[in-house]
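Novice: This structure is in structure tokens; I'll ask about it shortly.
The values are calculated or read from the model by the stated rules, or taken from the named source; none is laboratory data. All values reported here derive from a predicted model rather than from experimental measurement. Neighbour counts run over all protein chains shown; Cβ positions are idealised from the backbone, glycine included.
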Amino acid sequence: MANLLEYIDPQKRDQAVTAITNALGTTFDADGKADPTQSEIKERFEKALGLVVVMRNDLGWSWRRIDDNLAVALREKLDNGDWTPPSRNAWATDASTGLILPPGVK
């Protein structure tokens, strides 16, 4: 699993570790685990790292968006074993009209 770190830009690995640490803390708190074992930490870290690689490299998400969504994705992975990224994209302002339009509308 450590090889997945190779897929993250070396200058941005600290942001990946911060996002993963936040997600692990959130999921352990939700599970009421004040003192998790090393194997529990390792298992969650590996799952979270895999999710970060998908979010960053495959989906092109910003680090802020990854940090905001990683705990939810990790929880789904822990509960169901599967996580599907949301299909909702950001709305954008139309340059000619100034209207805020949903994705795909021109």
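Novice: So which of I66, I20 ends up being within 16 Å of P86 (Cα to Cα) and modelled with pLDDT of 90 or more? Walk me through it before giving the result.
Specialist: On the way: I20 fails: within 16 Å of P86 (Cα to Cα).
On inspection, the qualifying residue turns out to be I66.
Novice: Go through the range 28-58 and give me each residue that's closer than 18 Å to T84 by Cα and either part of a loop (DSSP other than H, G, I, E, B) or in contact (Cβ under 8 Å) with a residue 40 or more places away in the chain (or both).
Specialist: To start, the set of residues in the range 28-58 that are closer than 18 Å to T84 by Cα comprises 44, 46-58.
Answer for the range 28-58, where residues must be closer than 18 Å to T84 by Cα and either part of a loop (DSSP other than H, G, I, E, B) or in contact (Cβ under 8 Å) with a residue 40 or more places away in the chain (or both): E46, L49, G50, V52, V53, R56, N57.
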